[in-house]
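In what follows, a structure is listed as structure tokens, so that the remarks can point back to it.
The values are calculated or read from the model by the stated rules, or taken from the named source; none is laboratory data. Quick caveat: nothing in here was measured; it's all calculated off a predicted structure. All Cβ positions, even for glycine, are placed from backbone atoms using ideal geometry, and neighbour counts span all protein chains on display. Remember, those area values only see protein heavy atoms, side chains included, never the ligands or the DNA or RNA. Shrake-Rupley method; radii C 1.70, N 1.55, O 1.52, S 1.80 Å.
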Amino acid sequence: MSDLPQVVDVEWLESELGAEDLFLGDVRGPNAHTRGHIPGSKPLVLGSPPPMSDREVLESLAPEVGLRL
């Protein structure tokens with residue numbers, strides 16, 4: 001379980017699934033989406049930063065996220 005705060009909760013996601021302006025990206029490993037995923041999510045495989053990465057490491061992933069979206 002992550003110590004990071006939730007951005008949304010299950011109730012919000014359930015109420016918004018299927019919304020035209022919602023993009024739900026699955027950023028797990030390459031095969032995880034195939035094995036099971038939240039309906040409507042799209043595989044968005046990215047490199048994973050090490051736990052507790054500093055801002056510079058996280059910012060280096062931002063352009064990749066933009067390209068994938």
Select from the stretch 1-40 the residues that are assigned to a loop (DSSP other than H, G, I, E, B), under 20 Å from Ser53 (Cβ atoms), open to solvent by less than 100 Å² (accessible area, probe 1.4 Å) and in contact with a strand residue (DSSP E or B) (Cβ under 9 Å, 6 or more places away or on another chain) and list them in ascending order. Val27
State which residue pairs qualify: first residue farther than 14 Å from Lys42 by Cβ and modelled with pLDDT of 90 or more and inside the stretch 1-29, second residue surrounded by 10 or more Cβ atoms within 10 Å (Cβ to Cβ) and among the aliphatic types (A, V, I, L, M) in any location, beta carbons under 6 Å apart, and separation of 6 or more residues or different chains. Glu16/Leu22
